[in-house]
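Here, each number is a calculation from the coordinates, and none is a lab measurement. Just so you know, these numbers come straight off a predicted model, no measurement behind them. Glycine also receives a Cβ, built like all others from the backbone with ideal geometry; neighbour counts cover every protein chain displayed.
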C-alpha cells in the first residue's frame, strides 16, 4: 500500500496522470507538513510546471520523511530533487530527510542534482550554497519551466551534472555556487497569468480550497516585511485573467476560493471578483485585509461571500509602533468591518519584539485584542502572535532578535491579559528553534 494513500484519496487534482513508465523520477520536497505544503501556492505551482514535461514522473515529499507520497519510493532513487524552502528552520527537516534517505548533504559528494528555491532561499541563499547544486533566487514559473526544460533534454545520470549546471546558470535568477561566487540579480516574473492551485485537499491547512494569486508583490513598505524584497514590483492580475485561470475548476467544481495577495482590498477589480464568486455561491477567503482600505461597497460584497474567516494584521496595539510600521489598523476599524461581515471567526496577526517595543506596548496589544473580543463576543477570535525576526534586505533587517527569555516574558504578558476571554484563542508561534530562522535569514 502506498504510504500516502490517506492523503492521495483526499485530493482532487487537475494535473495529468503520471506513472512509473515515465523515464525520470523527479522529487519535489516541501520540508514541512503536508497540510502546509498543500496550502503553499509556490510549491504547488512548481509541481504543476514539472507535470508539463512527459519525461518526468514528479513525486512529492513532506517533512523529514524520505519516502514519496505517490509511491513510497526512497529519495535516493530520484536523480532530480527540487526543494521549496518557504521557512528557514525547515532546512533542518531537509537535512534529516537526506540523512534518512542516505543521500549525501554536500553537492560535490552527490550524484543527484538538487535545485533549491522559495522565499527562504531568495532572502539569503548563502547558507545553502554547500548543499544545493543550483539555487533559484526570485520567482516566476516561466523561469522554472526553463530549468525543467533543460533537465528534460539532459537527463541527470546520463548527462554529468558538470555539463548541466552551466546551462542552468544562464537562466535568470539561477545561482550555481560552483560556477560563480556572486549572486545573480533576482528573477522577476513578467507573466500575466496568475498562479492557481491545480490540487485541493481536505487535509490542507486551507481544506478543499482553490488558491489563486490575484496580486504580486506589495504596495506598502512595512519595515519588517520581506514580501517587497522577494516579489516586487507590485502588480494586480486582471479579473479577466483570474477568472480564466480558475476556468478548469468550473468543470471539476469548487465551493471555496482563497484570494492570495498582500493588498487584497486595493485590487481595483475586487468588487467584480466578489460578484463573480457570489453568483456561483463560492465562499471567499482572503489574505489579511487593511480595514482602512475597505469601502462600504466592498464590505457589502464581502458579507455575501465571506462566511467562515475574516483576517486582519494589525501587528501591534501600540499607537507609536503603528506609526513606525505605517499600519494604522485600529481596533475600532476591525470591529466596524467585522460587524458588517457575518464571518464566524476573526483572525488577527500580531508581532512581539519589534524595535523600540516596551512591555507597555505589549500590554496595549493585549488590551486591543480584549477590546475586539468583547465587542465581537459572539465570534471566535484567533490571535496569532509571532516574534519579530529581522530579514535580510528589509528596512529593519539590521536589528537583533529579542532575547529568548524576554520574548517568553512578553508572550506571558499577553496571555495574562487575555485570561478569561472565552472567545479568544492565543496562538503563539515561537519555539527556541525559531531563532534559527533569524540566523539563516
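Jot down the radius of gyration and Dmax of region 221-272, Cα atoms only, both in angstrom.
Every Cα atom of region 221-272 included, Rg and Dmax give 13.8, 43 Å.
Give me the compactness ratio for region 104-147, meaning the Cα radius of gyration over 2.2 N^0.38 Å.
Relative to the 2.2 N^0.38 Å estimate, region 104-147 comes out at 1.18.
May I ask for the angle, rounded to the nearest 10°, between helix 41-50 and the longest principal axis of the chain, with both axes built from Cα atoms and the value confined to 0 to 90°?
It is inclined by approximately 20 degrees.
Between residue 431 and residue 33, what is 0.36 nm times their sequence separation minus the Cα-Cα distance? Round to one decimal in nm.
Computed gain between residue 431 and residue 33 is 141.6 nm.
Taking 2.2 N^0.38 Å as the expected size of a compact globular protein, what ratio does the Cα radius of gyration of region 78-128 give against it, to two decimals?
1.10
Please report the Cα spread of the chain along all three principal axes, rounded to whole Å, starting with the longest.
Sorted from largest, the Cα extents of the chain read 65, 51, 42 Å.
Can you tell me the FRET efficiency between residue 339 and residue 240 if r is taken as the Cβ-Cβ distance and R0 is 45 Å, rounded to the nearest 0.05?
In this case the efficiency is close to 0.85.
On alpha carbon coordinates alone, what is the Rg over Rh value for region 199-440, Rh being the Kirkwood radius?
Rg/Rh: 0.97.
Out of the DSSP beta bridges found with both residues in the chain, what percent are antiparallel (nearest 5)?
Approximately 15 percent, going by the DSSP bridge assignments.
In region 136-190, what is the volume of the convex hull around the alpha carbon atoms, normalised per residue and reported in Å³?
66
When all alpha-carbon pairs of region 163-246 are counted, what percent fall beyond 19 Å?
60
What are the radius of gyration and Dmax of region 264-351, computed over its Cα atoms and given in Å?
Rg and Dmax of region 264-351, Cα atoms, are 13.2, 44 Å.
Tell me, what is the percent relative contact order of region 134-203, built from C-alpha pairs under 8 Å that lie six or more residues apart?
So the answer I get is 44 percent.
Just how far, in whole angstrom, is region 294-356 from region 214-236 if you go by their alpha carbon centroids?
Each part's Cα centre sits 19 Å from the other's.
With springs only between Cα atoms under 10 Å apart, run a GNM on the chain and tell me which of 123, 164, 351 wobbles the most.
Maximum fluctuation in the GNM of the chain, among the listed residues, is at 164.
Which angle from 0 to 90°, rounded to the nearest 10, does the C-alpha axis of helix 270-279 make with the longest principal axis of the chain?
Tilt relative to the chain: about 80 degrees.
DSSP beta bridges in region 199-440, what fraction antiparallel, as a percent rounded to 5?
5
Please express the shape of region 168-322 as an equivalent ellipsoid: the semi-axes are the square roots of 5 times the eigenvalues of the C-alpha gyration tensor, given largest first in whole angstrom.
30, 23, 14
Taking the Cα atoms of region 362-441, report the difference between the largest and smallest coordinate on each principal axis, in whole Å and largest first.
Reported extents, whole Å, longest axis first: 41, 24, 19.
In whole percent, what relative contact order does the chain give with Cα contacts below 8 Å and a gap of six or more residues?
The value is 12 percent.
Over what distance in Å are the Cα centres of region 30-94 and region 416-431 separated?
34
Based on the alpha carbons, how large is the Rg to Rh ratio for region 5-175 when Rh follows Kirkwood?
0.92
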